[in-house]
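The values are calculated or read from the model by the stated rules, or taken from the named source; none is laboratory data. This structure is a prediction, so every number in the text was calculated from the model and none was measured. We place every Cβ from the backbone using ideal geometry, glycine too, and count neighbours over all the protein chains shown.
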């Protein structure tokens with residue numbers, strides 16, 4: 001299997017953690033779009049949002065993501081909002097295997113309860129914001145993905161094994 005693997009889903013769904021473990025298990029490079037954007041911009045995602053706004057951040061994210069796709073065969077942990085730009089849908093569908101880490105609102109709230117202050121979209125009224133974002137993006141996640149993995153009741157190791165199994169099944 002020589003293809004990119006894209007992990008999409010809500011903040012808190014485990015994209016970065018799972019992506020890192022998956023890349024180790026498959027022995028291919030890992031790329032976290034949010035971390036790389038922070039390095040290039042020399043500021044946190046929160047600060048980018050504060051200084052430039054969400055629309056500008058989405059534009060930066062989209063340009064950066066599509067530019068970096070020129071390097072093949074990576075595991076990509078994408079930002080939760082990557083699906084909000086229609087231009088990214090084509091890349092997610094055609095430049096590799098796109099996996100939606102599907103996590104319920106209840107589990108997201110538990111995972112993010114102590115992290116919401118550093119996340120610009122849910123800083124204020126985080127429970128309602130998580131629900132609003134989830135409802136806004138859910139159909140787009142499904143539309144962009146080749147494989148959906150429910151992550152609510154699995155360990156990170158089980159999720160990685162499920163992804164590998166699904167990828168193998170998809171390629172057969």
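Residue-level check: of (1) exposed (fewer than 13 other Cβ atoms within 10 Å of the Cβ); (2) part of a helix (DSSP H, G or I); (3) modelled with pLDDT under 95, residue 158 misses just (3). Inspection of the range 116-134 finds a residue satisfying the criterion of being touching a helix residue (DSSP H, G or I) at 6+ places or on another chain (Cβ under 6 Å), buried (at least 17 other Cβ atoms within 10 Å of the Cβ), within 28 Å of residue 4 (Cβ to Cβ) and at pLDDT 85 or above.
Here is the figure for the range 58-111: residues that are under 18 Å from residue 136 (Cα atoms) and in contact with a helix residue (DSSP H, G or I) (Cβ under 8 Å, 6 or more places away or on another chain) total 19. Of the residues making up the range 40-58, not one is at pLDDT 90 or above and under 17 Å from the mean Cα position of the chain (by Cα). Based on this model, can you work out whether residue 43 counts as in a helix (DSSP H, G or I) and surrounded by fewer than 20 Cβ atoms within 10 Å (Cβ to Cβ)? No; evaluated as a whole, the condition is false for this residue.
Pairs linking a residue in the range 143-172 that is free of Cβ contacts under 8 Å to residues at least 40 places away in the same chain to a residue that is surrounded by 14 or more Cβ atoms within 10 Å (Cβ to Cβ) and in a helix (DSSP H, G or I), with Cβ atoms under 7 Å and 6 or more positions apart or on different chains, are 154/162. Restricting attention to the range 104-115, the residues that are closer than 16 Å to residue 148 by Cβ and either assigned to a loop (DSSP other than H, G, I, E, B) or modelled with pLDDT under 80 (or both) total 1. In the set 92, 101, only one residue is modelled with pLDDT of 90 or more, surrounded by 15 or more Cβ atoms within 10 Å (Cβ to Cβ) and outside any helix (DSSP H, G or I); that residue is 101.
The conditions of being part of a helix (DSSP H, G or I), in contact (Cβ under 8 Å) with a residue 12 or more places away in the chain and within 14 Å of the chain's Cα centre (by Cα) are met by residue 37.
Residues in the range 1-33 that are outside any loop (DSSP other than H, G, I, E, B), within 8 Å of the chain's Cα centre (by Cα) and modelled with pLDDT under 95: 15, 16.
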